[in-house]
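Enquirer: Have a look at this one before I ask anything.
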Amino acid sequence: MPSATSNNHIRVLVVDDEPDILLGLKAVLKGRNHYVETFDNPSEALMHLTSSDNVNPYDLVITDYRMPGGISGLDLAKRIKEYTRRRTKVFLMSAFDVSSLPEFSEALESKIVDEVVQKPIPNEKLIAIIEKSFLRNHHQ
């Protein structure tokens, strides 16, 4: 069965304050023929997303939970969902186990966050989660 992304390249925005994470995810996702833009600052990423110059919406935003600058990944997810009227999927990454925190359960239940991903994650596993998410989306 062909992947959901074989003909539908996903537009992905990655936000993380760790340069190695940004470079690695960009290489992996571009290797799958997806369009990838990266930001190390959530405020700049939000300005980019809401800019009138950004005419093509992103399909997916992958963001770290803890970042400097006053905007967490969860805050960014809320703003993205408001701005895109929930069309853009948001995956929240964290090196910490956040599954027991009530704010994450609420974010998942209310669809502010589509997936919570524990770092580090093998590239193949992340690709599988992304493609499964978009395959599921195309068949609904």
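Enquirer: Picking from GLU103, GLU115, GLU37, which residue would you name as being in contact with a helix residue (DSSP H, G or I) (Cβ under 8 Å, 6 or more places away or on another chain), touching a residue at least 12 places away in the same chain (Cβ under 8 Å) and over 22 Å from LEU22 (Cα atoms)?
Expert: GLU103
Enquirer: Just to verify a result, which residue in the range 31-83, among those that are under 12 Å from the mean Cα position of the chain (by Cα) and of a type in the set (Phe, Trp, Tyr), is nearest to ILE10 (Cα to Cα)?
Expert: Within the range 31-83, the match that is nearest to ILE10 (Cα to Cα) is TYR58.
Enquirer: Kindly indicate the residue of the range 84-103 that is farther than 20 Å from ILE121 by Cα and modelled with pLDDT of 85 or more and also nearest to the chain's Cα centre (by Cα) among those meeting that condition.
Expert: THR88
Enquirer: Given the residues LEU92, LEU74, which is the only one that is over 15 Å from LEU49 (Cα atoms) and touching a Gly at 6+ places or on another chain (Cβ under 6 Å)?
Expert: Exactly one of LEU92, LEU74 is over 15 Å from LEU49 (Cα atoms) and touching a Gly at 6+ places or on another chain (Cβ under 6 Å), namely LEU92.
Enquirer: Hey, LEU135 hits all of (1) without any contact (Cβ under 8 Å) to a residue 60 or more places away in the chain; (2) among the aliphatic types (A, V, I, L, M); (3) outside any loop (DSSP other than H, G, I, E, B); (4) surrounded by fewer than 17 Cβ atoms within 10 Å (Cβ to Cβ) but one; which does it fall short on?
Expert: Condition (1) is where LEU135 drops out.
Enquirer: Give me a count of the residues in the range 75-116 that are surrounded by 20 or more Cβ atoms within 10 Å (Cβ to Cβ) and among the charged types (D, E, K, R).
Expert: Going through the range 75-116 one residue at a time, the tally reaches 3.
Enquirer: Which one is nearest to LEU108 (Cα to Cα), of the residues in the range 35-69 that are at pLDDT 85 or above, part of a loop (DSSP other than H, G, I, E, B) and not basic (Lys, Arg)?
Expert: Looking at the filtered set, the residue picked out is TYR65.
The values are calculated or read from the model by the stated rules, or taken from the named source; none is laboratory data. Computed from a predicted model, the values in this text were never measured in an experiment. Cβ coordinates were reconstructed from backbone atoms using ideal geometry, including for glycine residues, and neighbour counts include every protein chain displayed.
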